[in-house]
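Trainee: There's a structure below that I have some questions on.
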Amino acid sequence: MHFEWDWGYTLEILPILAEASLVTLKATLGGFFLAAVFGLILAVMRLSQSAWVARPATVFVELVRSTPLLIQIFFIYYVFPEFGLTLRAMTAGIAALALHYSAYCAEVYRAGLENIPNGQWEAATALNLSTYVTFKDIIIPQAIPPVVPALGNHLVALFKETPLLSAIAVLELMQTAKILGSESFQYTEPITLVGLFFLVFSLVSAFGVRQLESWLKNRHGEPV
């Protein structure tokens, strides 16, 4: 069987896929930002001395990590309306990505927080610093830099999970490519282009994480 790459068709669909890539970027960056923030909150909660604070965070993290992302997407989009909370497909998708990856980010943060020497906590207590000031000015600035590479890995992984949003009709890259293929019966070009888009996104993300590591290393004057 002889195959020839259709450059004309490639140039025709490239702008369409480029536009769809913006949806993928929006879902990825929005989901990861929320996951990074909520994950830090969960990690701090898990370190609380109060069981009423630590246990709910622990249950949430374990529950989310033990169930597939696709199930969580379906649950937020299709089940939440039964309780009066109806979300648009894109919003539900970002929420699902954020909640799912917040559990993983929480474990990364927790490892960094637990790596802080006890002397740092004792010094903050001796200085009569509030818990908020201790975390903001002493603990978190020391805990975050070492975990940046692990957080970067989750960012790249989240990029590659966005095709699951097609299950709730979000027109991201993969869903758009499948629609183009079904209309023209030419799947090789759109699917290949999608693979290249994801490759570029992943490489750019990895480069950005390395730059952030270097910046943190130069700022703090110590290895990350």
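A short reminder: the numbers here are calculations on the coordinates, not readings from a lab. In this text, all values refer to a predicted model and were calculated from it rather than measured experimentally. No Cβ is skipped: glycine too gets one built from the backbone with ideal geometry, and neighbour counts run over all protein chains shown.
Trainee: Where the second residue is among the aromatic types (F, W, Y) and assigned to a helix (DSSP H, G or I) and the first is closer than 12 Å to F74 by Cα and lies in the stretch 87-98, which pairs have Cβ atoms under 7 Å and are six or more apart or on separate chains?
Mentor: L87/Y77; L87/F80; A89/Y77; A92/Y77
Trainee: Can you find a residue in the stretch 209-216 that is loosely packed, with under 11 Cβ neighbours inside 10 Å, under 26 Å from E161 (Cβ atoms) and within 21 Å of the chain's Cα centre (by Cα)?
Mentor: For the stretch 209-216, residues loosely packed, with under 11 Cβ neighbours inside 10 Å, under 26 Å from E161 (Cβ atoms) and within 21 Å of the chain's Cα centre (by Cα): present.
Trainee: For the stretch 30-62, give me each residue that is of a type in the set (G, A, S) and within 19 Å of A92 (Cβ to Cβ).
Mentor: Once the filter is applied, which keeps residues that are of a type in the set (G, A, S) and within 19 Å of A92 (Cβ to Cβ), the stretch 30-62 yields G30, G31, A35.
Trainee: How many residues does the stretch 1-34 contain that are aromatic (F, W, Y), part of a helix (DSSP H, G or I) and more than 22 Å from L164 (Cα to Cα)? Outline the logic, then answer.
Mentor: Taking the stretch 1-34 as the starting set, the residues that turn out to be aromatic (F, W, Y) are 3, 5, 7, 9, 32-33.
Among the residues that remain, those that are also part of a helix (DSSP H, G or I) are: 7, 9, 32-33.
Remaining after also requiring more than 22 Å from L164 (Cα to Cα): 7, 9.
So the answer is 2.
Trainee: Given (1) surrounded by 14 or more Cβ atoms within 10 Å (Cβ to Cβ); (2) in contact with a Leu (Cβ under 8 Å, 6 or more places away or on another chain), where does T134 come up short, assuming only one miss?
Mentor: Against the list (1) surrounded by 14 or more Cβ atoms within 10 Å (Cβ to Cβ); (2) in contact with a Leu (Cβ under 8 Å, 6 or more places away or on another chain), T134 comes up short only on (2).
Trainee: Ok, one more. Looking at (1) in contact (Cβ under 8 Å) with a residue 40 or more places away in the chain; (2) under 20 Å from A89 (Cα atoms); (3) aromatic (F, W, Y); (4) surrounded by fewer than 16 Cβ atoms within 10 Å (Cβ to Cβ), which one does F74 not meet, given that it meets all the others?
Mentor: Result: F74 fails condition (4) only.
Trainee: Could you tell me whether V53 is free of Cβ contacts under 8 Å to residues at least 24 places away in the same chain and at negative phi?
Mentor: Yes.
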